[in-house]
Amino acid sequence: MMQQQKEKYRHDYRATDYTITNIHLDFDLNADITTVTAISTVVLQGKAGTPLVLNGKDLRLINLQIDGKEPTRYRLEEDILIIEELPNTFTLTVKTLIYPKNNTALDGLYLSKKTICTQCEAEGFRHITFYLDRPDVLARFTTRILADKKQYPYLLSNGNLVNFGDTGEGKHWVVWEDPFPKPSYLFALVAGNFDVLQDKFITCSGREVKLEIFVDCGNLERADWAMASLKRAMRWDETRFGFEYDLDIYMIVAVDFFNMGAMENKGLNIFNAKYVLARMDTATDIDYLNIERVIGHEYFHNWTGNRITCRDWFQLSLKEGLTVFRDQEFSSDIGSRVVNRINNVRIMRSEQFAEDASPMAHPIRPDKVIEINNFYTLTVYEKGAEVIRMLHTLLGEEKFQAGMRYYVSRHDGNAVTCEDFLVSMEEAVKIDLTLFRRWYSQSGTPLLTVRDDYNNTLNQYTLYVTQKTLPTLDQPEKKSLHIPLDIELYDVHGAVIPLQYNGVMLNKILNINESIQSFTFDRVPSRPIPSLLRNFSAPVRVDYPYRDKELITLMLFSTNDFSRWDATQSLLSIYVRLNVTLYQTGNSLNLPLHIVDAFRKILSNPGLDPALVAEIIMLPTENEMASWFDCVDPIAIHHVRNVLTIWIANELRDEFLTVYRSNPRGIYRIEHRDIGLRALRNCCLYYLAFGDEKLAVHLITEQYHQADNMTDTLAAIVAATAAQLPCQNQLLTQFDDRWYQDGLVMDKWFKVQATSPAPDVLYKVKTLLNHRSFNLKNPNRVRALIGAFSSNNPAAFHEVNGNGYAFLVEILTDLNIYNPQLSSIMVEPLIRVKRYNLERQKLMYSALEDLKNLENLSGDLFEKVSKALTKV
Ligand code: TRP
Ligand code: ZN
């Protein structure tokens, strides 16, 4: 049955009547039953005499005291505890029992294999004790942990270790004290047995910080890269942002069971092991870069999130958008800026744009929410980062940093809003962001339609730009936004034409802020080719009627590497759309030779960065291609992509073989140049897999057996599976035998099979549910097998027999009960109904109805399913 679940509104924010300044937590720790005693100092800050309302979920209350006495009037309601007739300042004592072992939702205090750990963002702390569990209540925490010494030799919490001892009966205890007031969502506790990698960092002011990474016993050698990444992140934040670390110790714990990537708890980050552990034979280049990025991301939260936190959860993008922007800049400064930009833009276009067009469409600062866990989205994170990036583009680095310094000086130690951030920026650099603010309140993806006119008598060129955002489910009316449009003009030979008018040189960033505008340039000697939205200067789509020749000129001659890649995407989009129509109407496909010729020139240009060449040559994924359509036909897209791959593979086979052979594998190093060479070689191998079968099998098995690193090992398996080569099963079996005990490595193996083009892939996925390495309780495994099938194998998931949908419903029926957060992430591909034709819509709606009728439907799933079923 569909329960009534209430929406909360951003505009209903009210400060609490009481706040908590100090909390002393005492854990008598046990995996089965843990006793939690919380002693808090509560202070009235609103109207005297109002009741205190505390959050608490699935708790067993065993003792409650106000100033040492049982309160005269209190009552327990669903998920809240109400206490009345209170003094203005008092000590609150709450004793509760909790059950870590039964906590399969991984929210609050739970057991990850043998480690007891916490996840408190966003509202997990209420699973530990009754509390004002909201981010605008900042308290000083002390934490005492008592536990069995053998099972839990390490007992960790936030801040500094201030005391410890033995009780004699095989138990020991510790006391941690965090000097920085913090909201409850940043609380963390870990108890377990680990190998510890230790190091230190000297901050810019000369303070020594102890660094510790805790991993499962036996995994110490897989923690080096994470430690190196942490030190790079700490140094980078000092040099680029002027932010210094503020405690004497920084700890990272890797756990196997974790719903998301990682968590920035003050001084004690908890990480999904996938973003910590790496060894050359277990992790790919992409894994290494992701570890560096996520380690950076959580570290950067120390200032943007922890020192300055969010007033309420509607402000989530205040910390997440800004911190993603910071981690993107970190990765770009220490690695390849263009590769990072391309990959961020790929995600924006294929995933965030899809979210913007889905029933879950919301602004980066949402207005109404049922379950806050549903709003840790690509919109809040990635589009949020794009909004900060636009601000950075408009202000420039220097002014942006001045704004950041002012923001920190005004709000350090406070819980604030996105509005506070914008006001700080405005005051610091004297800029009016009135119009720019709409990015925070408006959802949906704007479309810029660009047309032009060249006057060859006056040598003048005019761009006409209109902007329009289509209505979304959450917002029928859309307004004009302030869009920075970064452009350049090229002549037919690929030379840049300077932007000027009337003797004045013009900025490359055009300010689009009305629904229709024009921009005129003079001294333009011939009809130019416009390069539009360079570096993806705004999270928008652009429509301009390019001719192939013009795009090829940009591909080959643009001064900007990003634009070369982007022109390739535009060119491919023309032919993918054309061929999808041809396929749908039963015609034979039409593939023009000048695309291959352009690819050949890119492939044989020794001056280009190999990493960029790989990005250009590798065809977009089926999901990226889907973003080019209003109505997605996954089968047609799959077919067209496959034919295109085979065709390019055949036309360029000599070039692919030459590049593949001329880049011998050397010593494995994580360096941009080497990563790029591996990417390019493996891209060639992928195409070669679609060429001559004997050669392909030879090259792939040879690479598989000679590889000393996971990047090359996996590339061999991916190519064999994508091309359905006869060697694929043998390689998959060998991989399984070698790695079946290592879940993180097996995730790659599950994913390869879940995204296979084999006609019986769904059957295979179902049998893999029983594989010795699979575990439906581990979110990483679930994402690798089921998530990959439903999100990354669209042709199979959307098969018109509806079997893919039925399979997902079956899985979600269980997952909804024991891990609502994960089930809500997994339902995404099913709620994007409107992108498909009526036949699929009907099947998808019927699957959604099945979910709607589930008993005990979680709030998480309810919010998405009910939105998807809203008829407009
Ligand atoms: N704040 C975390 C981050 O961005 C996100 C996160 C980790 C999270 N675990 C979570 C969010 C659990 C919600 C629930 O790095
Ligand atoms: Zn974050």
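Some notes on this structure:
- Conditions (1) surrounded by fewer than 20 Cβ atoms within 10 Å (Cβ to Cβ); (2) touching an Asp or Glu at 6+ places or on another chain (Cβ under 7 Å): number failed by TYR185: (1)
- Every listed requirement among (1) in a loop (DSSP other than H, G, I, E, B); (2) within 13 Å of ligand 2 (Cβ to nearest atom); (3) open to solvent by 10 Å² or more (accessible area, probe 1.4 Å) is met by ASN265 save one, (3).
- Condition met for ALA223 (open to solvent by less than 10 Å² (accessible area, probe 1.4 Å), among the small types (Gly, Ala, Ser), away from ligand 2 (no atom under 16 Å from the Cβ) and on the phi < 0 side of the Ramachandran plot): yes
- The one condition in (1) assigned to a strand (DSSP E or B); (2) open to solvent by less than 40 Å² (accessible area, probe 1.4 Å) that SER518 fails to fulfil: (2)
- Among the residues making up segment 438-462, those that are open to solvent by 50 Å² or more (accessible area, probe 1.4 Å) and not in a strand (DSSP E or B) are ARG438, ASN456, THR457, LEU458, ASN459.
- Of the criteria (1) open to solvent by 20 Å² or more (accessible area, probe 1.4 Å); (2) over 16 Å from THR449 (Cβ atoms), which one SER537 fails: (1)
- Any hit, segment 117-124, residues being within 18 Å of GLY192 (Cα to Cα) and away from ligand 2 (no atom under 16 Å from the Cβ): yes
- For segment 646-676, residues that are open to solvent by less than 60 Å² (accessible area, probe 1.4 Å) and in contact (Cβ under 8 Å) with a residue 60 or more places away in the chain total 4.
- Among strands (runs of 3 or more DSSP E) entirely within segment 68-187, having at least 1 residues that are among the acidic types (Asp, Glu) and under 28 Å from TRP303 (Cβ atoms) singles out 171-182.
- Of the criteria (1) more than 13 Å from ligand 1 (Cβ to nearest atom); (2) outside any helix (DSSP H, G or I), which one GLU292 fails: (2)
- Selection over segment 631-643 of residues that are surrounded by fewer than 21 Cβ atoms within 10 Å (Cβ to Cβ) and touching a helix residue (DSSP H, G or I) at 6+ places or on another chain (Cβ under 8 Å) gives a count of 6.
- Looking only at segment 765-798, and only at residues there that are closer than 23 Å to LYS101 by Cα and in a helix (DSSP H, G or I), the one that is most open to solvent (accessible area, probe 1.4 Å): ARG783
- Residue in segment 752-759 that is without any contact (Cβ under 8 Å) to a residue 12 or more places away in the chain, closer than 21 Å to HIS638 by Cβ and surrounded by fewer than 17 Cβ atoms within 10 Å (Cβ to Cβ) present: yes
- Residue match in segment 413-435 (condition: within 16 Å of ligand 2 (Cβ to nearest atom), part of a helix (DSSP H, G or I) and over 30 Å from MET844 (Cα atoms)): yes
- Candidate set: segment 313-348, residues that are touching a strand residue (DSSP E or B) at 6+ places or on another chain (Cβ under 8 Å) and touching a residue at least 24 places away in the same chain (Cβ under 8 Å); chosen: the one farthest from ligand 2 (Cβ to nearest atom): PHE314
- Here ALA626 passes the criteria (1) open to solvent by less than 20 Å² (accessible area, probe 1.4 Å); (2) closer than 22 Å to ASN709 by Cβ; (3) within 25 Å of the chain's Cα centre (by Cα) except the one numbered (2).
- Counted residues, segment 188-202 - those being open to solvent by 30 Å² or more (accessible area, probe 1.4 Å) and either more than 28 Å from the chain's Cα centre (by Cα) or over 14 Å from ILE252 (Cβ atoms) (or both): 6
- As for segment 334-347, it holds no residue that is open to solvent by less than 10 Å² (accessible area, probe 1.4 Å) and within 15 Å of ligand 1 (Cβ to nearest atom).
- Any hit, segment 138-148, residues being in contact with an Asp or Glu (Cβ under 6 Å, 6 or more places away or on another chain) and within 16 Å of ligand 1 (Cβ to nearest atom): no
- Criterion (touching a helix residue (DSSP H, G or I) at 6+ places or on another chain (Cβ under 8 Å), of a type in the set (D, E, K, R) and under 26 Å from LEU156 (Cα atoms)) met by exactly one of GLU298, GLU292: GLU292
- When THR16, THR41 are checked against the criterion of being within 33 Å of the chain's Cα centre (by Cα), modelled with pLDDT of 95 or more and among the polar types (S, T, N, Q), THR16 stands alone in meeting it.
Let's see how each residue does on (1) open to solvent by 10 Å² or more (accessible area, probe 1.4 Å); (2) part of a helix (DSSP H, G or I); (3) of a type in the set (S, T, N, Q); (4) in contact with a Pro (Cβ under 7 Å, 6 or more places away or on another chain):
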residue	(1), (2), (3), (4)
PHE807	no, yes, no, no
LEU812	no, yes, no, no
GLN821	yes, yes, yes, no
SER824	no, yes, yes, no
PRO829	yes, yes, no, no
LYS834	yes, yes, no, no
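- Taken over segment 276-310, residues that are among the aromatic types (Phe, Trp, Tyr) and either surrounded by fewer than 23 Cβ atoms within 10 Å (Cβ to Cβ) or more than 12 Å from ligand 2 (Cβ to nearest atom) (or both) amount to 2.
- Pairs, first closer than 14 Å to LYS748 by Cα and among the aliphatic types (A, V, I, L, M) in segment 276-298, second in a helix (DSSP H, G or I) and open to solvent by less than 10 Å² (accessible area, probe 1.4 Å), C-beta under 7 Å, six or more apart: ALA278/ILE291; ALA283/MET710
- Filter result (free of Cβ contacts under 8 Å to residues at least 40 places away in the same chain and within 16 Å of ligand 1 (Cβ to nearest atom)) within segment 217-265: GLY261, ALA262
- Close contacts from segment 357-381, counting a first residue that is more than 19 Å from GLU477 (Cβ to Cβ) and a second that is among the hydroxyl-bearing types (Ser, Thr, Tyr), with Cβ to Cβ under 6 Å and a gap of 6+ residues or different chains, come to ASN374/SER824; VAL380/SER317.
- Any chance LYS101 is basic (Lys, Arg), away from ligand 2 (no atom under 16 Å from the Cβ) and touching a residue at least 60 places away in the same chain (Cβ under 8 Å): yes
- Taken together, LEU554, LEU582, LEU578 contain a single residue that is assigned to a helix (DSSP H, G or I) and either buried (at least 18 other Cβ atoms within 10 Å of the Cβ) or not hydrophobic (A, V, I, L, M, F, W, C) (or both), which is LEU554.
The values are calculated or read from the model by the stated rules, or taken from the named source; none is laboratory data. Keep in mind that this is a model prediction, so the values were computed, not measured. FYI the Cβ positions are ideal-geometry reconstructions off the backbone, even for glycines, and counts take in every protein chain you see. Just the protein is used for accessible areas: all its heavy atoms, side chains included, with ligands, DNA and RNA removed. Shrake-Rupley method; radii C 1.70, N 1.55, O 1.52, S 1.80 Å.
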